[in-house]
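Reading through the C-alpha coordinates given below for one structure.
The values are calculated or read from the model by the stated rules, or taken from the named source; none is laboratory data. Since we're looking at a predicted model, the values are computed, not measured. A quick note on method: Cβ atoms are made from the backbone with ideal geometry, for glycine too, and the neighbour counts reach across all protein chains shown.
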Amino acid sequence: MSEKAKLILEGKEYELPVVIGTENEKAIDISKLLETTGYITLDTGFKNTGSTKSAITFLDGDNGILWYRGYPIEQLSEYASFLEVAYLVIYGELPTQKELDYFQRSISHHTLVHEDMKRFYEAYPTGAHPMGVLSSMIASMSTFYPGSQNPNRPFKDIELTMHRLIAKMATLAAQANKVSIGHPIMYPKNSYSYTQNFLHMMFALPTADYEIDPVVDDALNKLLILHADHEQNCSTSTVRIVGSSQSNLYSSISAGIAALWGPLHGGANQAVIEMLERIKNDGGDVQKWVDKAKDKNDSFRLMGFGHRVYKNFDPRAKIIKKACDDVLNRLGIHDPVLDIAKQLEEVALKDPYFIERKLYPNVDFYSGIIYRAIGIPTEMFTVMFALGRLPGWIAQWKEMIEHGEPIGRPRQVYTGSTKRDYVPIPKRG
Ligand code: ACO
(Lines give C-alpha, C1' and ligand atoms only; values in the text may rest on other atoms or scores of the structure.)
Protein backbone atom coordinates (compact mmCIF):
# COMPACT_ATOMS: atom_id res chain seq x y z
CA MET A 1 0.00 0.00 0.00
CA SER A 2 1.37 3.44 -0.88
CA GLU A 3 2.11 5.91 1.93
CA LYS A 4 -0.09 8.94 2.48
CA ALA A 5 0.48 12.03 4.63
CA LYS A 6 -2.38 13.37 6.73
CA LEU A 7 -2.95 17.06 7.14
CA ILE A 8 -5.49 18.59 9.50
CA LEU A 9 -6.57 22.12 8.66
CA GLU A 10 -9.41 24.00 10.28
CA GLY A 11 -10.62 20.69 11.71
CA LYS A 12 -10.77 18.98 8.31
CA GLU A 13 -8.50 16.06 7.43
CA TYR A 14 -6.76 15.80 4.05
CA GLU A 15 -4.67 13.01 2.59
CA LEU A 16 -1.61 13.94 0.59
CA PRO A 17 0.26 11.49 -1.68
CA VAL A 18 3.82 10.57 -0.73
CA VAL A 19 6.48 10.30 -3.45
CA ILE A 20 9.52 8.07 -2.86
CA GLY A 21 12.65 8.28 -4.99
CA THR A 22 14.95 5.41 -6.01
CA GLU A 23 17.25 6.12 -3.04
CA ASN A 24 14.31 6.31 -0.65
CA GLU A 25 14.11 10.09 -0.68
CA LYS A 26 10.65 10.98 0.58
CA ALA A 27 8.43 13.87 -0.40
CA ILE A 28 4.86 14.94 0.27
CA ASP A 29 3.15 15.89 -2.98
CA ILE A 30 1.41 19.21 -2.30
CA SER A 31 0.69 20.04 -5.96
CA LYS A 32 -3.11 19.90 -5.34
CA LEU A 33 -2.95 21.57 -1.90
CA LEU A 34 -4.20 24.98 -3.01
CA GLU A 35 -7.15 23.65 -4.96
CA THR A 36 -8.20 21.20 -2.20
CA THR A 37 -7.49 23.26 0.94
CA GLY A 38 -7.04 26.91 -0.11
CA TYR A 39 -3.57 26.88 1.50
CA ILE A 40 -0.13 27.18 -0.05
CA THR A 41 3.15 26.13 1.59
CA LEU A 42 5.73 28.74 2.64
CA ASP A 43 9.41 27.91 2.30
CA THR A 44 11.70 30.90 1.71
CA GLY A 45 14.87 29.89 -0.11
CA PHE A 46 13.22 26.55 -1.05
CA LYS A 47 15.15 24.87 1.78
CA ASN A 48 12.53 22.16 2.00
CA THR A 49 10.90 22.18 -1.40
CA GLY A 50 11.40 19.65 -4.19
CA SER A 51 10.88 21.52 -7.46
CA THR A 52 11.03 18.46 -9.72
CA LYS A 53 11.63 14.73 -10.03
CA SER A 54 15.04 14.29 -11.61
CA ALA A 55 17.10 11.30 -12.73
CA ILE A 56 20.40 13.15 -13.25
CA THR A 57 22.19 13.58 -9.92
CA PHE A 58 21.82 11.93 -6.53
CA LEU A 59 23.14 13.75 -3.52
CA ASP A 60 23.06 12.68 0.12
CA GLY A 61 24.27 15.62 2.14
CA ASP A 62 24.41 13.77 5.46
CA ASN A 63 26.63 11.02 4.15
CA GLY A 64 28.64 13.09 1.66
CA ILE A 65 27.46 11.16 -1.42
CA LEU A 66 27.33 12.54 -4.95
CA TRP A 67 26.50 10.44 -8.04
CA TYR A 68 25.90 11.42 -11.64
CA ARG A 69 23.39 9.03 -13.23
CA GLY A 70 24.25 6.53 -10.48
CA TYR A 71 28.04 6.70 -10.88
CA PRO A 72 29.99 7.98 -7.82
CA ILE A 73 32.01 11.13 -8.54
CA GLU A 74 35.05 9.48 -6.91
CA GLN A 75 35.15 6.96 -9.80
CA LEU A 76 34.26 9.43 -12.54
CA SER A 77 36.88 11.98 -11.48
CA GLU A 78 39.53 9.26 -11.24
CA TYR A 79 38.92 7.45 -14.54
CA ALA A 80 36.81 9.50 -16.95
CA SER A 81 37.39 12.51 -19.16
CA PHE A 82 35.27 15.63 -18.80
CA LEU A 83 33.59 15.08 -22.17
CA GLU A 84 32.76 11.48 -21.23
CA VAL A 85 31.10 12.78 -18.05
CA ALA A 86 29.35 15.56 -19.99
CA TYR A 87 27.93 12.88 -22.30
CA LEU A 88 26.83 10.78 -19.32
CA VAL A 89 25.11 13.69 -17.61
CA ILE A 90 23.32 14.89 -20.75
CA TYR A 91 22.42 11.60 -22.47
CA GLY A 92 21.95 9.47 -19.34
CA GLU A 93 24.45 6.67 -20.06
CA LEU A 94 28.21 6.37 -20.34
CA PRO A 95 29.13 6.57 -24.04
CA THR A 96 30.45 3.64 -26.06
CA GLN A 97 33.73 4.38 -27.86
CA LYS A 98 31.74 5.14 -31.04
CA GLU A 99 29.40 7.52 -29.21
CA LEU A 100 32.28 9.26 -27.48
CA ASP A 101 34.14 9.66 -30.79
CA TYR A 102 31.04 11.22 -32.35
CA PHE A 103 30.57 13.56 -29.37
CA GLN A 104 34.23 14.61 -29.26
CA ARG A 105 34.31 15.18 -33.03
CA SER A 106 31.18 17.29 -32.88
CA ILE A 107 32.51 19.38 -29.99
CA SER A 108 35.87 19.92 -31.77
CA HIS A 109 33.99 20.87 -34.94
CA HIS A 110 32.13 23.69 -33.18
CA THR A 111 34.93 25.33 -31.16
CA LEU A 112 35.26 28.38 -33.41
CA VAL A 113 33.20 31.41 -32.44
CA HIS A 114 31.62 33.60 -35.12
CA GLU A 115 34.18 36.29 -35.99
CA ASP A 116 31.54 39.02 -35.57
CA MET A 117 31.35 38.16 -31.89
CA LYS A 118 34.95 39.28 -31.41
CA ARG A 119 33.76 42.84 -31.94
CA PHE A 120 31.70 42.66 -28.76
CA TYR A 121 34.90 42.45 -26.76
CA GLU A 122 35.89 45.92 -27.98
CA ALA A 123 32.83 47.39 -26.26
CA TYR A 124 33.53 46.10 -22.75
CA PRO A 125 35.41 48.46 -20.46
CA THR A 126 38.89 47.54 -19.23
CA GLY A 127 38.54 45.35 -16.17
CA ALA A 128 35.07 44.06 -17.11
CA HIS A 129 34.34 41.02 -14.95
CA PRO A 130 34.60 37.90 -17.17
CA MET A 131 31.36 36.48 -15.67
CA GLY A 132 29.45 39.53 -16.93
CA VAL A 133 31.18 39.15 -20.29
CA LEU A 134 30.49 35.40 -20.49
CA SER A 135 26.84 35.73 -19.52
CA SER A 136 26.20 38.36 -22.20
CA MET A 137 28.27 36.54 -24.86
CA ILE A 138 26.23 33.36 -24.29
CA ALA A 139 22.94 35.29 -24.45
CA SER A 140 24.22 36.91 -27.67
CA MET A 141 24.80 33.50 -29.23
CA SER A 142 21.05 33.09 -29.57
CA THR A 143 21.10 36.02 -32.01
CA PHE A 144 23.69 34.26 -34.15
CA TYR A 145 21.68 31.04 -34.23
CA PRO A 146 18.05 32.22 -34.51
CA GLY A 147 17.05 28.68 -35.51
CA SER A 148 17.78 27.63 -31.94
CA GLN A 149 15.15 29.86 -30.41
CA ASN A 150 12.32 27.36 -30.29
CA PRO A 151 13.05 24.76 -27.59
CA ASN A 152 10.50 22.35 -29.08
CA ARG A 153 12.41 21.66 -32.30
CA PRO A 154 13.46 18.12 -33.23
CA PHE A 155 16.15 16.69 -30.93
CA LYS A 156 18.86 16.88 -33.66
CA ASP A 157 18.51 20.69 -33.72
CA ILE A 158 18.52 20.96 -29.94
CA GLU A 159 21.54 18.66 -29.82
CA LEU A 160 23.39 21.00 -32.16
CA THR A 161 22.77 23.87 -29.75
CA MET A 162 24.01 21.74 -26.84
CA HIS A 163 27.21 20.82 -28.68
CA ARG A 164 27.76 24.40 -29.81
CA LEU A 165 27.44 25.60 -26.23
CA ILE A 166 29.94 23.09 -24.83
CA ALA A 167 32.42 23.81 -27.61
CA LYS A 168 32.11 27.58 -27.75
CA MET A 169 31.86 28.32 -24.04
CA ALA A 170 35.48 27.18 -23.59
CA THR A 171 36.57 29.41 -26.48
CA LEU A 172 34.57 32.39 -25.19
CA ALA A 173 35.87 31.95 -21.65
CA ALA A 174 39.51 31.85 -22.81
CA GLN A 175 38.94 34.77 -25.18
CA ALA A 176 37.40 36.87 -22.38
CA ASN A 177 40.56 36.26 -20.36
CA LYS A 178 42.90 37.15 -23.24
CA VAL A 179 41.02 40.35 -23.95
CA SER A 180 41.06 41.36 -20.29
CA ILE A 181 44.85 41.08 -20.11
CA GLY A 182 45.39 42.73 -23.48
CA HIS A 183 46.73 39.63 -25.23
CA PRO A 184 45.76 38.46 -28.71
CA ILE A 185 43.04 35.83 -28.83
CA MET A 186 44.28 32.27 -29.41
CA TYR A 187 42.24 30.14 -31.77
CA PRO A 188 41.28 26.60 -30.71
CA LYS A 189 43.43 23.63 -31.67
CA ASN A 190 41.14 20.77 -32.57
CA SER A 191 43.79 18.07 -32.23
CA TYR A 192 43.78 18.70 -28.47
CA SER A 193 41.43 17.23 -25.88
CA TYR A 194 38.83 19.57 -24.37
CA THR A 195 40.98 20.47 -21.36
CA GLN A 196 44.24 20.70 -23.35
CA ASN A 197 42.55 22.99 -25.83
CA PHE A 198 41.28 25.22 -23.04
CA LEU A 199 44.75 25.47 -21.47
CA HIS A 200 46.18 26.27 -24.90
CA MET A 201 43.65 29.05 -25.56
CA MET A 202 44.21 30.47 -22.06
CA PHE A 203 47.99 30.44 -21.94
CA ALA A 204 49.59 30.07 -25.39
CA LEU A 205 50.72 33.13 -27.31
CA PRO A 206 51.21 33.57 -31.06
CA THR A 207 54.90 33.83 -30.16
CA ALA A 208 55.11 30.88 -27.76
CA ASP A 209 53.38 27.52 -27.35
CA TYR A 210 52.10 26.54 -23.92
CA GLU A 211 53.55 23.28 -22.68
CA ILE A 212 50.73 21.28 -21.15
CA ASP A 213 51.74 19.58 -17.90
CA PRO A 214 49.78 16.31 -17.49
CA VAL A 215 49.30 16.99 -13.74
CA VAL A 216 47.73 20.36 -14.54
CA ASP A 217 45.61 18.81 -17.30
CA ASP A 218 44.47 16.06 -14.93
CA ALA A 219 43.60 18.53 -12.16
CA LEU A 220 41.57 20.65 -14.59
CA ASN A 221 39.78 17.53 -15.85
CA LYS A 222 38.91 16.59 -12.25
CA LEU A 223 37.75 20.09 -11.38
CA LEU A 224 35.43 20.25 -14.38
CA ILE A 225 34.02 16.78 -13.64
CA LEU A 226 33.40 17.61 -9.98
CA HIS A 227 31.43 20.68 -10.98
CA ALA A 228 29.45 18.99 -13.79
CA ASP A 229 26.14 18.86 -11.94
CA HIS A 230 24.77 19.37 -8.47
CA GLU A 231 21.01 18.85 -8.79
CA GLN A 232 18.67 21.75 -8.00
CA ASN A 233 21.14 24.41 -6.80
CA CYS A 234 20.62 28.15 -7.31
CA SER A 235 22.02 28.41 -10.87
CA THR A 236 20.48 25.13 -12.07
CA SER A 237 17.09 26.10 -10.69
CA THR A 238 17.53 29.40 -12.52
CA VAL A 239 18.27 27.60 -15.80
CA ARG A 240 15.19 25.40 -15.34
CA ILE A 241 12.90 28.26 -14.37
CA VAL A 242 14.03 30.48 -17.26
CA GLY A 243 13.69 27.52 -19.65
CA SER A 244 10.24 26.73 -18.27
CA SER A 245 8.89 29.85 -19.99
CA GLN A 246 10.06 28.18 -23.26
CA SER A 247 12.93 30.63 -23.49
CA ASN A 248 15.79 29.22 -25.59
CA LEU A 249 18.74 27.27 -24.21
CA TYR A 250 21.30 30.06 -24.74
CA SER A 251 19.24 32.54 -22.68
CA SER A 252 18.62 29.93 -19.99
CA ILE A 253 22.34 29.17 -19.68
CA SER A 254 23.17 32.88 -19.69
CA ALA A 255 20.79 33.32 -16.72
CA GLY A 256 22.43 30.35 -15.00
CA ILE A 257 25.83 32.03 -15.37
CA ALA A 258 24.42 35.19 -13.77
CA ALA A 259 23.04 33.17 -10.83
CA LEU A 260 26.34 31.34 -10.40
CA TRP A 261 28.27 34.59 -10.18
CA GLY A 262 27.14 35.48 -6.63
CA PRO A 263 29.61 34.88 -3.77
CA LEU A 264 27.13 32.66 -1.92
CA HIS A 265 27.20 30.29 -4.91
CA GLY A 266 29.91 29.86 -7.59
CA GLY A 267 31.45 33.24 -6.86
CA ALA A 268 32.69 31.76 -3.57
CA ASN A 269 35.86 30.43 -5.25
CA GLN A 270 36.94 33.98 -6.09
CA ALA A 271 35.77 35.19 -2.67
CA VAL A 272 37.86 32.50 -0.92
CA ILE A 273 41.13 33.67 -2.46
CA GLU A 274 40.27 37.31 -1.84
CA MET A 275 39.49 36.46 1.78
CA LEU A 276 42.75 34.50 2.22
CA GLU A 277 44.74 37.37 0.75
CA ARG A 278 42.96 39.82 3.03
CA ILE A 279 43.86 37.68 6.05
CA LYS A 280 47.50 37.41 4.89
CA ASN A 281 47.80 41.16 4.28
CA ASP A 282 46.25 41.81 7.68
CA GLY A 283 49.10 39.92 9.36
CA GLY A 284 47.79 36.36 9.10
CA ASP A 285 45.98 36.20 12.47
CA VAL A 286 43.60 33.38 11.51
CA GLN A 287 41.84 33.27 14.90
CA LYS A 288 40.84 36.93 14.55
CA TRP A 289 39.01 36.16 11.28
CA VAL A 290 37.38 33.03 12.66
CA ASP A 291 36.08 35.18 15.53
CA LYS A 292 34.80 37.75 13.05
CA ALA A 293 32.91 35.01 11.18
CA LYS A 294 31.28 33.92 14.44
CA ASP A 295 30.29 37.46 15.45
CA LYS A 296 26.61 37.97 14.62
CA ASN A 297 27.15 41.76 14.48
CA ASP A 298 29.76 41.32 11.76
CA SER A 299 28.62 40.45 8.23
CA PHE A 300 31.89 38.60 7.50
CA ARG A 301 31.53 34.86 6.75
CA LEU A 302 34.26 32.34 6.17
CA MET A 303 34.01 31.94 2.41
CA GLY A 304 34.31 28.35 1.24
CA PHE A 305 32.77 27.06 4.47
CA GLY A 306 29.26 25.69 4.81
CA HIS A 307 26.86 24.26 2.32
CA ARG A 308 23.10 24.18 1.95
CA VAL A 309 23.01 20.40 1.58
CA TYR A 310 26.34 18.92 2.77
CA LYS A 311 26.27 18.81 6.53
CA ASN A 312 29.21 16.46 7.24
CA PHE A 313 31.64 17.00 4.43
CA ASP A 314 31.59 17.94 0.77
CA PRO A 315 32.78 14.84 -1.15
CA ARG A 316 34.09 17.09 -3.94
CA ALA A 317 36.28 18.97 -1.47
CA LYS A 318 38.00 15.69 -0.45
CA ILE A 319 39.00 14.92 -4.06
CA ILE A 320 40.00 18.50 -4.82
CA LYS A 321 42.16 18.75 -1.73
CA LYS A 322 44.28 15.85 -2.99
CA ALA A 323 44.45 17.31 -6.54
CA CYS A 324 45.47 20.62 -4.97
CA ASP A 325 48.41 18.99 -3.15
CA ASP A 326 49.46 17.18 -6.38
CA VAL A 327 49.46 20.38 -8.44
CA LEU A 328 51.35 22.41 -5.84
CA ASN A 329 53.97 19.67 -5.39
CA ARG A 330 54.38 19.17 -9.12
CA LEU A 331 54.71 22.87 -9.85
CA GLY A 332 56.90 23.35 -6.77
CA ILE A 333 54.71 26.17 -5.57
CA HIS A 334 54.89 27.40 -2.03
CA ASP A 335 51.92 29.66 -1.68
CA PRO A 336 51.60 31.61 1.59
CA VAL A 337 47.89 31.88 0.87
CA LEU A 338 47.68 28.09 1.05
CA ASP A 339 49.34 28.16 4.49
CA ILE A 340 46.60 30.55 5.64
CA ALA A 341 43.98 28.21 4.13
CA LYS A 342 45.39 25.23 6.03
CA GLN A 343 45.49 27.14 9.33
CA LEU A 344 41.99 28.44 8.79
CA GLU A 345 40.67 24.97 8.12
CA GLU A 346 42.37 23.61 11.23
CA VAL A 347 41.10 26.37 13.53
CA ALA A 348 37.56 26.37 12.15
CA LEU A 349 37.13 22.60 12.23
CA LYS A 350 37.96 22.54 15.97
CA ASP A 351 35.71 25.46 16.82
CA PRO A 352 32.34 24.59 18.46
CA TYR A 353 30.58 27.28 16.37
CA PHE A 354 31.52 25.50 13.15
CA ILE A 355 31.08 21.99 14.61
CA GLU A 356 27.56 22.72 15.93
CA ARG A 357 26.44 24.27 12.65
CA LYS A 358 28.10 21.53 10.61
CA LEU A 359 30.19 23.98 8.59
CA TYR A 360 32.94 22.24 6.61
CA PRO A 361 35.14 23.42 3.74
CA ASN A 362 33.22 23.13 0.48
CA VAL A 363 34.54 22.50 -3.05
CA ASP A 364 35.28 26.18 -3.53
CA PHE A 365 37.66 26.33 -0.59
CA TYR A 366 40.32 24.40 -2.54
CA SER A 367 39.43 24.94 -6.20
CA GLY A 368 40.63 28.55 -6.15
CA ILE A 369 44.04 27.48 -4.85
CA ILE A 370 44.48 25.09 -7.81
CA TYR A 371 43.32 27.70 -10.33
CA ARG A 372 45.73 30.21 -8.84
CA ALA A 373 48.61 27.70 -9.03
CA ILE A 374 47.82 26.96 -12.69
CA GLY A 375 47.95 30.69 -13.43
CA ILE A 376 44.26 31.41 -13.90
CA PRO A 377 43.41 34.97 -12.82
CA THR A 378 41.18 35.24 -9.74
CA GLU A 379 38.31 36.85 -11.65
CA MET A 380 38.23 33.82 -13.98
CA PHE A 381 37.62 31.30 -11.17
CA THR A 382 33.84 31.44 -11.39
CA VAL A 383 34.07 31.20 -15.18
CA MET A 384 35.90 27.89 -14.63
CA PHE A 385 33.02 26.76 -12.45
CA ALA A 386 30.55 27.73 -15.20
CA LEU A 387 32.53 25.73 -17.75
CA GLY A 388 32.32 22.66 -15.53
CA ARG A 389 28.63 23.15 -14.65
CA LEU A 390 27.52 23.61 -18.28
CA PRO A 391 26.72 19.90 -18.97
CA GLY A 392 24.57 19.82 -15.83
CA TRP A 393 22.65 22.95 -16.81
CA ILE A 394 22.08 21.50 -20.29
CA ALA A 395 20.97 18.12 -18.92
CA GLN A 396 18.57 19.74 -16.44
CA TRP A 397 17.09 22.00 -19.12
CA LYS A 398 16.69 18.99 -21.45
CA GLU A 399 15.01 16.95 -18.71
CA MET A 400 12.64 19.81 -17.92
CA ILE A 401 11.64 20.17 -21.60
CA GLU A 402 11.28 16.39 -22.04
CA HIS A 403 9.06 16.15 -18.96
CA GLY A 404 6.91 18.99 -20.34
CA GLU A 405 7.15 20.76 -16.99
CA PRO A 406 4.85 23.75 -16.46
CA ILE A 407 6.15 27.30 -16.22
CA GLY A 408 7.89 27.87 -12.86
CA ARG A 409 5.83 30.32 -10.86
CA PRO A 410 6.01 30.27 -7.06
CA ARG A 411 3.29 31.77 -4.88
CA GLN A 412 3.68 34.19 -1.98
CA VAL A 413 2.02 35.23 1.23
CA TYR A 414 1.20 38.90 0.82
CA THR A 415 2.19 41.01 3.86
CA GLY A 416 1.74 44.52 2.43
CA SER A 417 -0.91 47.14 3.09
CA THR A 418 -4.58 46.29 2.83
CA LYS A 419 -6.61 48.14 0.15
CA ARG A 420 -6.42 51.93 0.35
CA ASP A 421 -7.46 54.79 -1.95
CA TYR A 422 -5.13 56.97 -3.97
CA VAL A 423 -4.45 60.39 -2.40
CA PRO A 424 -3.36 63.28 -4.70
CA ILE A 425 0.07 64.84 -3.85
CA PRO A 426 -1.22 68.15 -2.31
CA LYS A 427 -3.30 66.19 0.17
CA ARG A 428 -0.51 63.79 1.24
CA GLY A 429 0.81 66.04 3.98
N1 ACO B 1 30.81 31.46 8.06
C2 ACO B 1 30.23 31.72 9.27
N3 ACO B 1 28.99 31.32 9.63
C4 ACO B 1 28.30 30.61 8.72
C5 ACO B 1 28.82 30.28 7.45
C6 ACO B 1 30.11 30.73 7.14
N7 ACO B 1 30.67 30.46 5.94
N8 ACO B 1 27.90 29.57 6.75
C9 ACO B 1 26.85 29.45 7.56
N10 ACO B 1 27.07 30.07 8.75
C11 ACO B 1 26.18 30.09 9.93
C12 ACO B 1 25.03 31.06 9.73
O13 ACO B 1 25.34 32.35 10.22
C14 ACO B 1 23.94 30.37 10.52
O15 ACO B 1 24.18 30.60 11.88
P16 ACO B 1 22.94 30.75 12.92
O17 ACO B 1 22.22 29.44 12.87
O18 ACO B 1 23.58 31.06 14.22
O19 ACO B 1 22.09 31.88 12.38
C20 ACO B 1 24.17 28.90 10.26
O21 ACO B 1 25.59 28.79 10.01
C22 ACO B 1 23.39 28.31 9.08
O23 ACO B 1 23.70 29.09 7.93
P24 ACO B 1 22.66 29.46 6.78
O25 ACO B 1 23.11 30.70 6.10
O26 ACO B 1 21.27 29.43 7.35
O27 ACO B 1 22.82 28.20 5.84
P28 ACO B 1 22.38 28.13 4.34
O29 ACO B 1 22.18 26.71 4.03
O30 ACO B 1 21.28 29.09 4.06
O31 ACO B 1 23.67 28.71 3.56
C32 ACO B 1 25.72 28.87 2.41
C33 ACO B 1 24.61 27.94 2.93
C34 ACO B 1 25.11 30.02 1.58
C35 ACO B 1 26.66 28.08 1.49
C36 ACO B 1 26.50 29.45 3.62
O37 ACO B 1 27.08 28.40 4.37
C38 ACO B 1 27.57 30.46 3.21
O39 ACO B 1 27.26 31.64 3.07
N40 ACO B 1 28.85 30.01 3.00
C41 ACO B 1 29.90 30.85 2.54
C42 ACO B 1 29.79 31.05 1.03
C43 ACO B 1 30.21 29.80 0.25
O44 ACO B 1 31.23 29.20 0.52
N45 ACO B 1 29.39 29.48 -0.76
C46 ACO B 1 29.69 28.34 -1.65
C47 ACO B 1 28.69 27.26 -1.49
S48 ACO B 1 29.16 25.88 -2.44
C49 ACO B 1 28.67 26.23 -3.98
O50 ACO B 1 27.78 26.99 -4.24
C51 ACO B 1 29.38 25.55 -5.00
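Observations
- Filtered residue count, the range 309-326, keeping only those that are near the ligand (Cβ under 8 Å from one of its atoms) and under 25 Å from Asp213 (Cβ atoms): 0
- Subset of the range 120-139 [at pLDDT below 95, β-branched (Val, Ile, Thr) and surrounded by 18 or more Cβ atoms within 10 Å (Cβ to Cβ)]: Val133
- Residue within the range 344-361 that is within 16 Å of the ligand (Cβ to nearest atom), touching a Gly at 6+ places or on another chain (Cβ under 7 Å) and over 27 Å from His200 (Cα atoms) present: yes
- Answer residue from the range 373-429, given it is of a type in the set (A, V, I, L, M, F, W, C) and in a loop (DSSP other than H, G, I, E, B) and is nearest to the chain's Cα centre (by Cα) among those: Ile376
- None of Tyr250, Tyr210 is part of a loop (DSSP other than H, G, I, E, B) and among the aromatic types (Phe, Trp, Tyr) except Tyr210.
- Test: residue in the range 141-151 that is in contact with a Phe, Trp or Tyr (Cβ under 8 Å, 6 or more places away or on another chain), surrounded by 22 or more Cβ atoms within 10 Å (Cβ to Cβ), of a type in the set (A, V, I, L, M) and assigned to a helix (DSSP H, G or I): yes
- Among all residues of the range 301-308, there is none that is more than 9 Å from the ligand (Cβ to nearest atom), assigned by TED's automatic domain parsing to the domain that holds Tyr360 and either in a loop (DSSP other than H, G, I, E, B) or crowded, with 22+ Cβ neighbours inside 10 Å (or both).
- Counting only helices (runs of 4 or more DSSP H) that fall entirely inside the range 1-119 and contain at least 1 residues that are at pLDDT 95 or above, surrounded by 12 or more Cβ atoms within 10 Å (Cβ to Cβ) and assigned by TED's automatic domain parsing to the domain that holds Thr238, the qualifying elements are 73-79, 82-91, 97-109.
- Output for the range 343-378, where each listed residue is in contact (Cβ under 8 Å) with a residue 40 or more places away in the chain, among the acidic types (Asp, Glu) and surrounded by fewer than 21 Cβ atoms within 10 Å (Cβ to Cβ): Asp351
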